[in-house]
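Reviewing the structure listed below.
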Amino acid sequence: MKSRILTDSTFKYMKHIEGHESLPPLNIWGVLLRCLNDQDFVTIRDSNIYLNVMFSPASNSILNVTVPSGAKVISFDYNYLSLIPEAERVAILLHEYGHAFNPTMKGDEGEFVADDFAISHGYGESLRTSLLNSIQVKPDLFDKPITHQRISRIN
């Protein structure tokens, strides 16, 4: 069994915004906690990476912690995530962690690095499915060469 370096101070990065109480039905916390490794938690802590739950079409949040200057905040829409399968939810959040872990990577390379983070944690196929579904649902945003390149890299 993997060791866990979860303490009150590291767990705050996962659950720090009001509204997180409604996340258990999405089963996000448990799955993320199981697929992230100790080094991921160290990076989350050392890089000040936080999750921010929002509720579409707009919402506000009350911070339960002081977010340091330069912190990276991954915002996600609870309502959108509630409409997609659990594995796709986790793949999307892992992809966003990939961006936060590699803030200097931009453009296409940034997308590939973020995808690789999700893939390295076992969520490549779920990410691929999410991208394919996104092309169908929102072609104006996702039916682009970069999306097709990302999909072909995962195959």
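Note the full-extension length gain between SER47 and LEU132 as 0.36 nm times their separation in residues minus their Cα-Cα distance, in nm to one decimal.
My answer for the length gained is 27.5 nm.
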Legend entry - Cut-off 13 Å, label 7 Å out along Cα→Cβ of ARG34, residues of region 71-92 by amide N: 86-87, 90
Inset, instruction - Name the residues whose placed amide hydrogens come within less than 5 Å of the amide hydrogen of ILE49, ignoring near sequence neighbours (fewer than 5 apart) on the same chain. - result: LYS72
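Every read-out reported here was derived from the displayed coordinates using simple, explicitly stated rules and does not represent laboratory data. Just so it is clear, the structure is predicted and the values come from calculations on it, not from any experiment. Ideal geometry is used to build each Cβ from the backbone, glycine not excepted, and the neighbour counts take in all protein chains shown.
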